[in-house]
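Reading through the structure tokens given below for one structure.
The values are calculated or read from the model by the stated rules, or taken from the named source; none is laboratory data. If you're wondering where the values come from, they're calculated on a predicted model, not measured in any experiment. Every residue, glycine among them, receives a Cβ derived from its backbone with ideal geometry; neighbour counts consider all protein chains shown. The accessibility values were calculated without ligands, DNA or RNA, using every heavy atom of the protein model including side chains. Shrake-Rupley method; radii C 1.70, N 1.55, O 1.52, S 1.80 Å.
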Amino acid sequence: MKRANLPVTKIAEKAGVSPATVSRVLNHPELVNGETRDRIESAIQDCGFDMEMVMRRQIDSNKRILMAVLPTIDNPFYNNVMKGFKTSANSHNYDVLIYLGNITPNNLKQFLRVVKMSNARGVICLNRKMDKETADAINDEVPLVQCCEYNKESKAEYVSINDYAAAKTATEHMLNLNYRKIAFINGPLSYNYSQERLRGFESAMEERGVSVPKNWKISLPEVSYSLGYSAASQLLGAMEKPDAIFCSADVFAISVVKAAKRYGLRVPEDIGVVGFDNVEVASISNPGITTVNQPAYQIGFTAGETIYEKIQDPNAHPRSILLDTELISRDSIIPFNK
């Protein structure tokens, strides 16, 4: 194989792309579509270079890398998980590489290729629950820890919380404050946490004999302020409106507070609000959001420590962890006495 520097311009001409696209394939191949990436790799080989060796030279051989798979960088909860993960990784002299996107059977081969080329020694996945075969395939190639979302049937360890119990506790708190007309704004049901939090909400309501109109249980395609605001407006702008709203994410809870102002409703006097996650914005909001504290930093740090232990001892007995949650009481909900 040639040892000279790659002739990026020549490779770009052969592949019919820009030099910047060639550079992107070398540094972030997951950002380039498959057809373009294949053309560039063929051009590199036509110039006498071995693609795998080229990619390996892109990374300092002395670097110790761990990879984190994130579905998005927009959700503040994931940012807090990553802070904990990076703290653990850095304490063991590892750098962290972020891969954006969900891992599925369709892109598994490509993902494993990126893992191999980046020389990652361990992976944590924060994406939606993977099927057993996909999770096991990754774990067979490199130590894997499922973070937040997990498939308990997989061989890979997981670090998470009991979403069902946490949501049930939050709902029971609202019921104990005498609320009965409670709506629920939830995230995408493709995620296990959304399914479990919905199940916890429904279980608490059913045990108290309280019915919930079907259109008061809203599942949104992603966790975003704008979608939460639209859902809250739908609920609060109706003739028959709830007295309280439980949100499966603090981002949604903030949206409810904003929407309430639009309709001349006061929080908590006219509408009670409870969130989930305890991200920073929940404490600085006016009013402060009563929420379930999901220990995001601790989840990330524990996942990092678990990965490190697996790297140090590949034959160690698998150890999965469910961390504790707690209800943080603030000003967004008070006893209901209408």
* To do: Determine whether residue 12 is part of a helix (DSSP H, G or I), of a type in the set (Gly, Ala, Ser) and at pLDDT 85 or above.
  => yes
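Go through 75, 107 for me and flag whichever is closer than 30 Å to residue 227 by Cα and modelled with pLDDT under 85.
Of the residues listed, the single one that is closer than 30 Å to residue 227 by Cα and modelled with pLDDT under 85 is 75.
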* Asked: What pairs can you find where one residue is in the range 306-331 and farther than 9 Å from residue 157 by Cβ, the other is part of a helix (DSSP H, G or I) and open to solvent by 70 Å² or more (accessible area, probe 1.4 Å), and their Cβ atoms are less than 9 Å apart, with a gap of 6+ or different chains?
  -> 308/91; 316/309; 323/298; 325/169; 326/169; 327/169
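Report yes if some residue within the range 151-159 is under 18 Å from residue 308 (Cα atoms), of a type in the set (A, V, I, L, M, F, W, C) and buried (at least 19 other Cβ atoms within 10 Å of the Cβ); otherwise report no.
yes
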* Count, please, the residues in the range 238-271 that happen to be over 21 Å from residue 201 (Cα atoms) and in a helix (DSSP H, G or I). => 5
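Based on this model, can you work out whether residue 164 counts as open to solvent by 40 Å² or more (accessible area, probe 1.4 Å), among the aromatic types (Phe, Trp, Tyr) and either touching a strand residue (DSSP E or B) at 6+ places or on another chain (Cβ under 7 Å) or over 12 Å from residue 320 (Cα atoms) (or both)? Let's see the steps before the verdict.
Working: open to solvent by 40 Å² or more (accessible area, probe 1.4 Å): yes; among the aromatic types (Phe, Trp, Tyr): yes; either touching a strand residue (DSSP E or B) at 6+ places or on another chain (Cβ under 7 Å) or over 12 Å from residue 320 (Cα atoms) (or both): yes.
Here the answer is yes, as residue 164 does meet what is asked.
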* Asked: Is it true that some residue in the range 288-297 is surrounded by fewer than 17 Cβ atoms within 10 Å (Cβ to Cβ), under 15 Å from the mean Cα position of the chain (by Cα) and more than 18 Å from residue 167 (Cα to Cα)?
  -> yes
* Structure fact -> Scanning the range 298-338 for residues that are open to solvent by 70 Å² or more (accessible area, probe 1.4 Å), among the polar types (S, T, N, Q) and in a loop (DSSP other than H, G, I, E, B) gives 315, 329, 337
* For residue 229, which of the numbered conditions (1) of a type in the set (Phe, Trp, Tyr); (2) part of a helix (DSSP H, G or I); (3) farther than 18 Å from residue 77 by Cα; (4) touching a Gly at 6+ places or on another chain (Cβ under 8 Å) fails to hold? -> (4)
* To do: Have a look at 280, 269 and point out the one that is within 20 Å of residue 82 (Cβ to Cβ) and out of contact with any Phe, Trp or Tyr (no Cβ under 9 Å at 6 or more places or on another chain).
  => 280
* Go through the range 150-176 residue by residue and tally those that are closer than 21 Å to residue 203 by Cα, of a type in the set (D, E, K, R) and not in a helix (DSSP H, G or I). => 0
* Asked: Of the residues that make up the range 180-196, is at least one more than 25 Å from residue 164 (Cα to Cα), open to solvent by 20 Å² or more (accessible area, probe 1.4 Å) and not aromatic (Phe, Trp, Tyr)?
  -> no
* Scan the range 226-246 and give yes if some residue there is free of Cβ contacts under 8 Å to residues at least 60 places away in the same chain, surrounded by fewer than 21 Cβ atoms within 10 Å (Cβ to Cβ) and within 20 Å of the chain's Cα centre (by Cα), otherwise no. => yes
* Residues located in the range 109-126, provided they are touching an Asp or Glu at 6+ places or on another chain (Cβ under 6 Å) and without any contact (Cβ under 8 Å) to a residue 60 or more places away in the chain -> 112
* To do: Examine the range 84-102 for a residue that is among the β-branched types (Val, Ile, Thr) and open to solvent by less than 20 Å² (accessible area, probe 1.4 Å), and state whether such a residue exists.
  => no
* Report yes if some residue within the range 61-71 is of a type in the set (Gly, Ala, Ser), under 27 Å from residue 250 (Cα atoms) and either modelled with pLDDT under 80 or surrounded by 13 or more Cβ atoms within 10 Å (Cβ to Cβ) (or both); otherwise report no. => yes
* Conditions: (1) surrounded by fewer than 17 Cβ atoms within 10 Å (Cβ to Cβ); (2) at pLDDT 95 or above. Residue 222 meets all but one. Number of the miss? -> (2)
* Going through the range 263-287 one residue at a time, which ones are more than 16 Å from residue 161 (Cβ to Cβ) and within 17 Å of the chain's Cα centre (by Cα)? -> 280
